[in-house]
Amino acid sequence: MSSGAEPARGPGGGWTRRRFVGALAGAAAVTTVPAPAAPKADPAAVPTAPAASTAPGADASPSPTHRSGPRPLYLGTYTSVDGGGTGIGLATYDPTTGRITGTGTVTGVGNPSYLATHPDGRTLYTVNERDEGGVTAVRLAKNKVLGTRGTGGAGPCHLSVHPSGHWLLSANYTSGSVAVHPIDASGALGERTDLVTHSTPAPGPGQQGPHAHQFVTSPDGGHVLAVDLGTDTVYSYRLNQSKGTLTEVSQAHTRPGAGPRHLTFHPGGRHAYLANEVDNTVVVCAYDQATGRLTPGDPQSTGTGEGTSYPAQILVTSNGSYAYLANRGHNSLTRYAIEADGARLRLLDTVPVGGDFPRHIAFSPDERLLFAANQRSSTVSVFHVDGGSGELRLAGEPFASPVAVCALPL
């Protein structure tokens, strides 16, 4: 999501994140629904490919995950703004042409602005980005809402599933905290097992407090890392996988006012790439798997010129060859070559995204397509990805989707 420093956003304009979340305080609060007992195995639930949030990549040869039939696409939105959606958008896409077809909506879920799937592909999870934040589980076989649990904070904007499949990690932007919830055998969520608020260091320039923006697991599974835009810090934790509790082990500090937003690991596991929203840079970070320590390098250009372009998200191909950065102000995607076994990014080019304010980008499982959710134009753009050069080519006209803030292809 975005900091209070970003420009007005949304179809009507004039919304910073702080104003937006504050305006939702009077909306219906998240209702905590008891997680149901584990049901019998659902024969209709066919596992899909893993979520695209696990750093996919491109390859010139045909991929074993490539499938010829229509594939599912899930769309995040805001339900509490003019022109917003009514729940989680349902669609399919053609894995060859990239053409998207809308198929419906999962209703009863408020402000589902960020989505992720369980490693077994049977359950979808979404944040409820409200003043009283929540996370919701949806059984994909029948698009059945399994229940919602409170995150203990305000404005949750990101979530991810631990590779074990037993824990859901979420980031509360407005209150600057991260939460852990257990996942039962049915995919439903249990009561929160931990909540940590980022109290130190002090907020960076122009920030009034901590703003947790992302919560992810390192590739080796040994640590979970929380990116905080407000404190210019990435926090490393150890997750107790028996109790679901967090122990801080390290802090990585960017330069003051950088506003770190999104972290993506190189598949080698020893380097990561950090997109800084406020100062319009990317940073290559060294990662120590043994200690969880992240060491940021020097800021690098996004290729978008002077001023900030509010970088949103960075993706890395699973073969470790290319990285892509979404630039909301510039309305573009930047392509980098990854060199020196992940230790170096080389800027190649930027291409127009074909929409306004690309908030979220994701690969299809076979990485032949890249999807960009464009918030202000309420569209989803699809690109063909060249497996050899990493070049992007727009695949037809963008798909209309109300206040598109997340596009998750499976």
message = Counting only protein heavy atoms and a 1.4 Å probe, tell me what percentage of the stretch 224-358's accessible area is made up of carbon and sulfur.
response = 45
inquiry  = Could you give the length gained by full extension between ALA286 and LYS144, i.e. 0.36 nm per residue of separation minus their alpha carbon distance, to one decimal place?
reply    = 47.0 nm
ask   = Taking Cα centroids, how far is the stretch 220-246 from the stretch 199-218 in Å?
value = 13
ask   = If you average 1/r over every pair of different alpha-carbon atoms in the stretch 107-251 and take one over that average, what Kirkwood value in Å do you get?
value = 14.9
task = Post the alpha-carbon centroid distance, the stretch 362-410 to the stretch 335-351, in whole angstrom.
result = 20
request  = Treat each spin label as a single point 7 Å out from the Cα along the C-beta direction, and report the SER389 to THR295 distance in nm.
outcome  = 3.7
task = Measure off, as a whole percent, the carbon and sulfur share of the 1.4 Å-probe accessible area of the stretch 101-171, all protein chains present.
result = 45
query = Label-point separation (nm) for ASP82 and HIS166, each offset 7 Å from Cα along Cα-to-Cβ?
reply = 4.9
message = Counting heavy atoms of the protein chains only and a 1.4 Å probe, report the per residue accessible area for the stretch 275-410 as a whole number of Å².
response = 32
ask   = How much length, in nm to one decimal, is gained on full extension between ALA343 and GLU248, taken as 0.36 nm per residue of separation minus their Cα-Cα distance?
value = 31.7 nm
query = Which FRET efficiency, nearest 0.05, do THR200 and ALA400 yield, Cβ-Cβ r, R0 51 Å?
reply = 0.70
ask   = How much area per residue is accessible in the stretch 84-144 when the probe is 1.4 Å and only protein heavy atoms are counted (Å²)?
value = 34
message = Over the Cα atoms of the stretch 67-144, each weighted equally, I'd like the Debye log10 I(q)/I(0) at q = 0.16, 0.17 Å⁻¹, rounded to two decimals.
response = -0.60, -0.67
query = How big, on average over all directions, is the shadow cast by the Cα convex hull of the stretch 110-163, in nm²?
reply = 3.5
ask   = Using the alpha-carbon centroid of each, what span in Å lies between the stretch 104-175 and the stretch 78-98?
value = 16
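The values are calculated or read from the model by the stated rules, or taken from the named source; none is laboratory data. Keep in mind that this is a model prediction, so the values were computed, not measured. Please note: Cβ atoms are built from the backbone with ideal geometry, for glycine as well, and neighbour counts cover all protein chains shown. Ligands, DNA and RNA are excluded from the accessible area calculation, which covers all protein heavy atoms including side chains. Shrake-Rupley method; radii C 1.70, N 1.55, O 1.52, S 1.80 Å.
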